[in-house]
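Undergrad: This is the structure I have questions about; it appears just below.
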Amino acid sequence: MRLRELGSAPNLLTLLRLVFVPLVVVMIQQQSYTWALAIFVVAGITDGLDGLLARALKQKTTIGQYLDPIADKLLLSTMFLMLSIAHIIRWPFTIMVFSRDIIILIVCTLLYATGTMKIFRPSLFGKANTAMQILSVFLALFHEINHLEWTRLAKRWSLWATVALTTVSGVHYVLRLAVDLRALHHKDFAAESNSSPQ
C-alpha cells in the first residue's frame, strides 16, 4: 500500500524535488548561479503543485505528509549550507537555521519513538519561517546574478528576518509542544482515574 502511494502524482513531484538537491549542489559548486536559481524556482513550483494535486485529485497520503516536509527541509538546508560554503550567506545565519531544525528533529524523533506523541502540527510561525528561508535563498542567488544595491539590501534584510522568525518559531514550537504534552498527561491521568475501581 505504501509503495503504491509513492506512485501518486503529488508524491512523484515531491521525489522530483529530492532529485533537484544534488543538481543544485553541483550548480553552486560550479558557480553557475543562474542555473542554480532556475532549479530552485522549479523546485518551488513542484512544492506548490504537489499540494494542489493532492487536494484536487484527492490523493493525500500518509507517506506524502512525511515526505513533503522532509524534501522541503533537505532542499533548504542544502541551499543554506552550499551558499555558506560559497561565502554567499554568512555562516551564523546557516547555523541558526540548522540548529532550530536539528533540535526540533531530535525532540520529535524521541517523542515519536517513545510513543509519547505521534502527530506534530505545523505552526503559522514555522510556515512563515520556511517562506522567509525560501525568499532568502532566492535573493541570495539573484544577487549573485545581478549585483545591484537593492538586491544586496533585500538579501540582507531577508536573512535577518529569517533569523528573527527562526528564533520566534523555535520558541513557539517548544512552548506549544509543552502545552500539548501537558494536555496528553492530563488526558491519560483522567483516563486512568475513570478506569480505576471505585
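Undergrad: Please note which helices (runs of 4 or more DSSP H) are completely contained in segment 1-90 and include at least 1 residues that are touching a His at 6+ places or on another chain (Cβ under 8 Å) and modelled with pLDDT of 90 or more.
TA: Per the criteria, no element qualifies.
Undergrad: List pairs: first residue in segment 30-50 and within 18 Å of His87 (Cα to Cα), second residue aromatic (Phe, Trp, Tyr) anywhere in the structure, Cβ distance under 7 angstrom, at least six positions apart or on different chains.
TA: Leu37/Phe142
Undergrad: In segment 136-161, what residues are over 21 Å from Gln30 (Cα atoms), over 21 Å from the mean Cα position of the chain (by Cα) and aliphatic (A, V, I, L, M)?
TA: Correct list: Leu148, Leu153, Ala154.
The values are calculated or read from the model by the stated rules, or taken from the named source; none is laboratory data. Fair warning: this is a prediction, and the values are worked out from it, not measured in the lab. Heads up, the Cβs are rebuilt from the backbone with ideal geometry, glycines too, and the neighbour counts pull from every protein chain shown.
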